Amino acid sequence: MLALLGLVVLVECFAFFLWYQSIQSDVAIEQKKAADAKVRVEKLEKQKTKLEEREVAKLELARQNVIFEKLRHEKSGPAEMLKFLSYVLTQKEDNLYNRDELKAQEAAGWSSGWDPDRLWVTKLTEDNGELNIKGTAKSHEDVAEFYRRLESGIYFPLIDPVVQQIANDTEFKEIEVVNFEAFALLNYNPNGELKMRRDEVPEALEGLVAAPAAEAPAKTPPAGGAK
């Protein structure tokens, strides 16, 4: 009996030994899996960091491009805007050479027979994307024609009249003139698109919100105007 009991104990000890070995093997396998998973996680973290750094760099590059593009337009825009303003205040003779240009002006809403000498711009002041315009005209109709011409180009998409009142000329008291003042929203983008947030754009200018070329029709000046 003692021999049998000793044999049973020996068998149980051997079974426990095999079970312990099996457990140790499973633990080693799981530890290896955990180590491999840790390596993969660290690798993915590094890739994520690189991707995030790349996205930040792309955003910074896009921001710089927008700034450079704006500066480029603002560098040449004022001179082109003044050329267009000069064109607005220039009368073209009605002859065969100017016939097509006069037709383009009329198609843009201009009165080709208007005499620009009936209106004088006395002061221009630019501030924060707006142009303050002051001047004198012989009549209200002359001021209205001047505003129509400005809005037909790409540089003044919106005119906001402030003052328009009758006064006596400073030198000839018996002559009545019209003093006027207006604020004009400036746009130096040659494509006629406004680089503004959509919620900042007035309803009247929604067609000029920056968008793909196929969706944002450009507003162009009449023939002969500044491009």
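Note down, for segment 1-55, the three equivalent ellipsoid semi-axes (square root of 5 times each alpha carbon gyration tensor eigenvalue), biggest first, whole angstrom.
53, 4, 4
Using Cβ counts within 10 Å as a stand-in for footprinting exposure, how do Glu93, Glu12 rank, fewest first?
Least crowded to most crowded, the residues run Glu93, Glu12.
Just add up the charged neighbours of Val162: K/R +1, D/E -1, any other residue whose Cβ is under 10 Å from the Cβ of Val162.
So the surrounding residues net to -1.
Tell me, in nm to one decimal, what length is gained between Glu93 and Lys43 on full extension, where the rule is 0.36 nm per residue of separation less the Cα-Cα distance?
10.5 nm
Taken together, the values in this text are just the output of simple stated rules run on the coordinates, not laboratory data. Because the structure is predicted, anything quoted here is derived from the model rather than measured. Every residue, glycine among them, receives a Cβ derived from its backbone with ideal geometry; neighbour counts consider all protein chains shown.
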